[in-house]
Amino acid sequence: MLTPQLIPELAFLAPERLLILLVIPVIVLVFRSIKHHYASVAAGLSVPAEFRPRRMNHTVVVLVGSVHRGVLEALAYAQSLHPDRLLAVTVVSDEEQQERIEQSWSQLDIGVPLEIVHSPYRELVSPILRFVDELDARYENSVITVVLPEFVVGSWWGQLLHNQSALLLKARLLFRKGTVVTSVPYHLEG
C-alpha cells in the first residue's frame, strides 16, 4: 500500500520501473477476475443429480419480409420441428404493404397463420422484440424459436448488401431468455 511516507522513497525509481510496479498488480487482478468468471460459468453449467429439464411449450415464429422461396424453405424447416404452435410474422409500415403481403400469402395458400405487426418508421427489431414478448406472455413454460430466412448471394461483397436487419435482430434476441434464433439460409443460384 502506498503511504505518504513511501511516496518520497519511490521518487528515486525510474518511471518505467514505477509503471511496472503499477501494471503487474493490475494484470494479476485481471487474470483473477477471468479465473473467477470461468469458475462461475462452470458452476452454472454443472448438472446436479436431481436436475430435470422443464417441459416446454414450443412456439416457432418465422419472420417474413416478403413471400419468396427463402421464406417457403424456412417455413418447411419450421414445420419439420413439430412445434406446438407455428406462425409467421411480418412487419409492415403502411396498409398498402400489408395488402400486398396478405395477398401473396393467401395466393400461395401456405396454411400458416400470418400475423401483422405495424411499424410506421419501418423499424424491424423493436416491433419483433415486443411481439416475441407478447407471445411469450401468452403461454406458460414457452420456448420461442425465431426462424430467420436469409438468402445467400454468391459474393462476400454482395452479402454485405443484404440481411443486416436479420443480423441486428439475432444480436438482440441472443440475450433474451427462453428464445432460440435459427437462420435458414437460401442460396441463390447464379
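Numbers for the structure displayed
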{"item": "Of all residues making up region 92-131, the number that are under 18 Å from Arg176 (Cβ atoms) and either among the acidic types (Asp, Glu) or assigned to a loop (DSSP other than H, G, I, E, B) (or both)", "result": "2"}
{"item": "Given (1) modelled with pLDDT under 90; (2) hydrophobic (A, V, I, L, M, F, W, C); (3) under 18 Å from Thr59 (Cα atoms), index of the condition Leu188 fails", "result": "(3)"}
{"item": "Residue within region 160-171 that is surrounded by 17 or more Cβ atoms within 10 Å (Cβ to Cβ), modelled with pLDDT under 75, part of a loop (DSSP other than H, G, I, E, B) and assigned by TED's automatic domain parsing to the domain that holds Ala88 present", "result": "yes"}
{"item": "Condition met for Ala74 (assigned by TED's automatic domain parsing to the domain that holds Ala171, more than 21 Å from Arg176 (Cα to Cα) and in contact (Cβ under 8 Å) with a residue 40 or more places away in the chain)", "result": "yes"}
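The values are calculated or read from the model by the stated rules, or taken from the named source; none is laboratory data. Remember, it's a predicted structure, so these values are computed and weren't measured experimentally. Neighbour counts are summed over all protein chains in view; Cβ atoms, including those assigned to glycine, are modelled from backbone coordinates with ideal geometry.
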